[in-house]
1. How high is the FRET efficiency between Ser91 and Ile44 when r is their beta carbon distance and R₀ equals 22 Å, given to the nearest 0.05?
2. Please give the length that would be gained between Glu133 and Leu36 if that part of the chain were fully extended, namely 0.36 nm times their separation in residues minus their C-alpha to C-alpha distance (nm, one decimal).
3. Using a Gaussian network for the chain with springs between C-alpha atoms less than 10 Å apart, which of these wobbles most: Ile77, Ile165, Ile119?
4. At a Förster radius of 41 Å, what calculated FRET efficiency corresponds to the Cβ-Cβ distance of Ser175 and Ala200, to the nearest 0.05?
5. Could you give the angle, 0 to 90 degrees to the nearest 10, between helix 176-208's Cα long axis and the longest principal axis of the Cα atoms of the chain?
6. Over the range 2-129, what relative contact order in percent results from Cα pairs under 8 Å that are six or more residues apart?
7. 222 nm [θ] for the chain, helices only, -39500 (n - 2.57) per DSSP H run of 4+, per residue, to 500?
8. Against the longest principal axis of the chain, how steep is helix 158-172, in degrees 0 to 90 to the nearest 10, with axes from Cα atoms?
Amino acid sequence: MVNLVYRDPSFTNENVFIDCMSELSSIDPCMEASSLSQLERQIIKGNALCLVFFTESLTPLQQVFIERLLMVTALPIIVNAYAWDEELLKSLLQCGRVTFVPEKLTPKRLKSLVGLAKIRFNSASTMLEKVKELDEKCTDLKRVSRAKSLLQRQGVTEAQAHKMIQKQAMDKSISFAEMANEIILAAQQLEAKRVHQIGACAHGANSKA
């Protein structure tokens, strides 16, 4: 496992970069990526501990690249820039998994920054997982409510609809929400078939006319 470092060609403070590389190497093995494509390949391999991203000015293209990295890998990222757009930066930082260092980065601070970045990343990732779980539960509740409503149209009560879904779920060894989803899909297929038949009948009637 290594700490990855990327220096954009616009970043010209050579002394700061060399000192930071030296400091990072004292923490864990360190590797510099010479291009964004090489950086992405190394990250996808899954052997990176942290990424330190040096740039003179944080551009929209760099922001999109960093956001894409966050979608495909669990990696703390430290971004150091001397210029940035406030709105772009706000958008990048709202996920909580990127640590931003404005202007000159002091190499002696790097060790503590790496530790902080990992803590922030883990906390944000945990929070995102909880939000995802809540979203899934809300979606499941909506599906169950929809399935019950469809069954109630057939003349059963809500309690009876609940028991019907529960029994079918147990018979199929699937979750309550999965069974509800199957009922919804079956109803949609029946409705599509009905609409198709109506359309076919209308077309036939027009042909005879």
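1. About 0.40, to the nearest 0.05.
2. Gain in length upon complete extension: 31.6 nm.
3. Among Ile77, Ile165, Ile119, the largest mean-square fluctuation in the Gaussian network model of the chain belongs to Ile165.
4. Values: r = 37 Å, r/R0 = 0.91.
Efficiency, rounded to the nearest 0.05: 0.65.
5. 60
6. On the way: 193 pairs, mean separation 34.3, N = 128.
For the range 2-129, the relative contact order is 27 percent.
7. Details: 7 runs with 135 residues, N = 209.
Result for the chain, helices only: -22000 deg cm²/dmol.
8. That helix lies at roughly 70 degrees to the long axis.
Read-outs: derived from the displayed coordinates by stated rules, not from any lab. Remember, predicted model here, so these are calculated numbers, not experimental data. Neighbour counts run over all protein chains shown; Cβ positions are idealised from the backbone, glycine included.
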